[in-house]
Amino acid sequence: TYGDWSSDVCSSDLTLAFAELVQNTWFQLEDINSFGSGVPVPRPKIGSLSFAGDAAFFRLVLLVWLVAAFVVRNLQRSTTGMTLSAVRSSEVAAASTGVGLVRAKMIAFGVSAAVASLGGGFYVQYAKHAIPMEFLWPFGLVWLALVVTWGIRSPAAALIAGSLYALLPSFFETT
């Protein structure tokens, strides 16, 4: 029904609509799009420590991934993680025990958005440029298919899926 924010169909429709809105407005700005060439994104530098080289950048990404996986794993084992698991299993049962569905969904959205933005940020630093056309929602469906294929509830699955997403295109390039 209209206004029923607990429906997954409603929230996914809103997410796709927002993706289309951003793609057709924000990504069309000259400062963002640069006439299709994208925006250069340098590799990170912390003080005098530079991660411009591929090996140093890989070590940084691996370190950040390990920290993120540790945080996600601890979140899964915490009270908040058990609440999120209860909501995933049965929203009706979780609500009947007093779990705030809106709060739980906002926490899940916030954590997933933080992890996704971290991954997206490292992806554009890996590519050394941000091209808006590389972040269209159909490409997100490919990412989702990879994560679901490898196991959606495991940080290791996210690592495998992310690695495949970043590395597989280079195997299919013609030289």
So, of the residues in the stretch 9-68 that are polar (S, T, N, Q) and modelled with pLDDT of 75 or more, which turns out to be least open to solvent (accessible area, probe 1.4 Å)?
23
Residues of the stretch 86-129 that turn out to be under 24 Å from residue 41 (Cα atoms) and either among the hydroxyl-bearing types (Ser, Thr, Tyr) or touching a residue at least 12 places away in the same chain (Cβ under 8 Å) (or both), as a count:
14
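The values are calculated or read from the model by the stated rules, or taken from the named source; none is laboratory data. Everything numeric here is computed off the predicted structure, so don't read it as measured data. Cβ sites come from the backbone with ideal geometry, for glycine too, and all protein chains shown count toward neighbours. Please note that ligands, DNA and RNA were not included when accessible areas were found on the heavy atoms of the full protein model with its side chains. Shrake-Rupley method; radii C 1.70, N 1.55, O 1.52, S 1.80 Å.
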